[in-house]
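The values are calculated or read from the model by the stated rules, or taken from the named source; none is laboratory data. From a predicted model like this one, the values you see are computed outputs, not experimental measurements. Don't worry about glycine lacking a Cβ; one is built from the backbone with ideal geometry, like all the others, and counts go over all protein chains shown. Heavy atoms of the whole protein, side chains included, go into the accessibility calculation; ligands, DNA and RNA do not. Shrake-Rupley method; radii C 1.70, N 1.55, O 1.52, S 1.80 Å.
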Amino acid sequence: MSSKIQINKRVKGLPREELEKLSKTELIDKIIQLEAYNFQLKNILNKKLDENDEDLRDELKDLSRVNEQCKMDAESGAAKNAKGVTETSTEGETSETTVPNKKNKKREFDFSKCHKRHVLMKFLYFGWDYQGFACQEDSNATIEYHLFKALTRACLIESRNSSNYHRCGRTDKEVSAFCQVISIDVRSKFPPEKQFDEDSLKNEIDYCGLLNRILPKNIQCIAWMPLRSPVYSARFDCVARTYRYYFPKGDLNIEAMQKACKLLQIHGDFRNFCKMDVHNGVTNYIRNLQSANVLPCPNVQDEQRQGYSMYFLEIKANAFLWHQIRCIMAVLLLIGQEKEEPEVITELLDVEKNPCKPQYTPAIGLPLNLFKCEFREKTCRRTDEELAAMEEAPTEEVALPAAQENVMDIDTTPDICPWIYNEENLQKLIENVQSEWTQFSIKSTMIRNVLHNLENLLDEEFKPQAVQSQVLLLQDGVKPRQYQKLLTRKRCESLENRIEHFVKKQRLIVNDSQPK
């Protein structure tokens, strides 16, 4: 017997037919509940909005005015209906709410007259000022919020829902990306039959330049790529993602960390190296970790005191689990500090022997960035027309072996094309990043000089052992007085217990099926 875990997708709102069956008391209770939720949501939004969100503050005020107007209309309508009076207007009278405000009325862009094309877009962003990549209900400090604000303002898309949008990776709070890729339908100058002509590609809308003039300087578009398949996905057609996690050497044993990295390179179950997301239906924690290496940062001069030299963990896999790299880095730091042996990696990967994750805190997200994404040439997804043709095809035709298929009918043209860069945009992007570098290099140099003076003073006065605590910041949590080995710590709940818990909460459904 095999079991399939599914999310119990509850209906968010009752349909009209069900609402009509409710009693008057039940309807009043529901209205009171919704009004309380609306009040709570507005309070949360007001707390989260900062001074730069004047547009949204205006929208909230407009929303409040509309709510008040609807409430007044409902009350006046109910009063007139009770009297049996039909509402009439005196000739020449004009309601204040029906007068259009010409100043606030904007000319809407007519997307029905535009052509569209499906593209990949590559972005660079520094995430330390943001709450993550994905949009959030209670915060506008996300990369996606600024991205869609720029896309709609530039009239490249009509709305997110109609844009056929997918993202390659969902980075967490403070995490950066040197190569975040999205797939999306955007406005084009040319009809579909001419979009891949050489002249059309040269004279197409300057997507990167247009967006970069609107986006914040620490979120910028690097390049775009035309796609031949309308269903090509930055998420589902990405075959490998590479992340880098930067850290100072401090007192770390780099050789021990490199030895541990070799033990990570397996196709295995990483439930002890992540934050389990069972309530969202994630019950498969097997991932193919293709490579993991600790390397010195290029173009960084060795410091006289070696604790300040910089390294990075470069890790590549087909996909990653929630907080997987940060958990791996937390264990590697313990190995580098010689508090754990490299072989603890093998122990934690053995989920039969260790089904429950030891309690430890993931490393902080600030030094992490999505460094590289790799894509397949042909999409693994089917268009609606292809799916319809497969359903209508006879069974014998579908079941033909590959050897009997007509090879000439197979389209071998890749869906992807070379990335399209613009020299002027790249120059401006380099200027922006150089400004970031200048700002943080000045701060870093000033702090380094202070450290140099303090360390010399300590050596002259007391001649103690060198202080090498550069990596303490990365280990988010309280430093214990006495270290406790990972495998002897308290354990989290097992995967099976978590599944059982959310099944009882009716968040998950277990479908048992007999094998045929």
| note | Listed by first then second residue, the pairs whose first member lies in segment 487-508 and is open to solvent by 90 Å² or more (accessible area, probe 1.4 Å), whose partner is at pLDDT 90 or above and not β-branched (Val, Ile, Thr), with beta carbons under 7 Å and at least 6 positions apart or on separate chains, are Lys490/Gln359; Glu493/Cys356
| note | Filtering segment 184-215 for residues that are polar (S, T, N, Q) and closer than 23 Å to Phe126 by Cβ leaves a count of 1
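Quick one: in segment 8-46, which of the residues that are in a loop (DSSP other than H, G, I, E, B) and open to solvent by 70 Å² or more (accessible area, probe 1.4 Å) is modelled with the lowest pLDDT? Show your work before the answer.
Restricting attention to segment 8-46, the residues satisfying the condition of being in a loop (DSSP other than H, G, I, E, B) are 8-15, 22-23.
Going one step further and asking which of them are open to solvent by 70 Å² or more (accessible area, probe 1.4 Å), we end up with 9-12, 14.
Values: Lys9: 62, Arg10: 57, Val11: 49, Lys12: 55, Leu14: 67.
Checked segment 8-46; the qualifying residue modelled with the lowest pLDDT is Val11.
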| Residue in segment 231-261 that is nearest to the chain's Cα centre (by Cα), counting only those that are touching a residue at least 12 places away in the same chain (Cβ under 8 Å) and assigned to a helix (DSSP H, G or I) | Cys261
| Where Val467 falls short, out of the listed (1) modelled with pLDDT of 90 or more; (2) assigned to a loop (DSSP other than H, G, I, E, B) | (1)
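Of the residues Gly307, Gly365, only one is of a type in the set (Gly, Ala, Ser), open to solvent by less than 20 Å² (accessible area, probe 1.4 Å) and assigned to a loop (DSSP other than H, G, I, E, B); which? Step through it out loud before you land on a result.
Numbers: Gly307 fails: assigned to a loop (DSSP other than H, G, I, E, B).
Every option except Gly365 fails the conditions.
Scan segment 464-516 for residues that are more than 30 Å from Asn284 (Cα to Cα) and of a type in the set (S, T, N, Q) and report the count.
Residues of segment 464-516 that are more than 30 Å from Asn284 (Cα to Cα), as a first pass: 464-473, 478-483.
Okay, now just the ones that are also of a type in the set (S, T, N, Q), so 465, 468-470, 482.
Within segment 464-516, residues that are more than 30 Å from Asn284 (Cα to Cα) and of a type in the set (S, T, N, Q) number 5.
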| said: Restricting to segment 250-278, count the residues that are open to solvent by 50 Å² or more (accessible area, probe 1.4 Å) and not hydrophobic (A, V, I, L, M, F, W, C). | reply: 8
| remark: Taking segment 322-372 and keeping residues without any contact (Cβ under 8 Å) to a residue 24 or more places away in the chain and hydroxyl-bearing (Ser, Thr, Tyr) leaves none
| message | Cβ-Cβ under 8 Å, sequence separation 6+ or interchain: first residue in segment 423-440 and more than 14 Å from Arg213 (Cα to Cα), partner open to solvent by 90 Å² or more (accessible area, probe 1.4 Å). Which pairs? | response | Ser435/Lys217; Glu436/Lys217
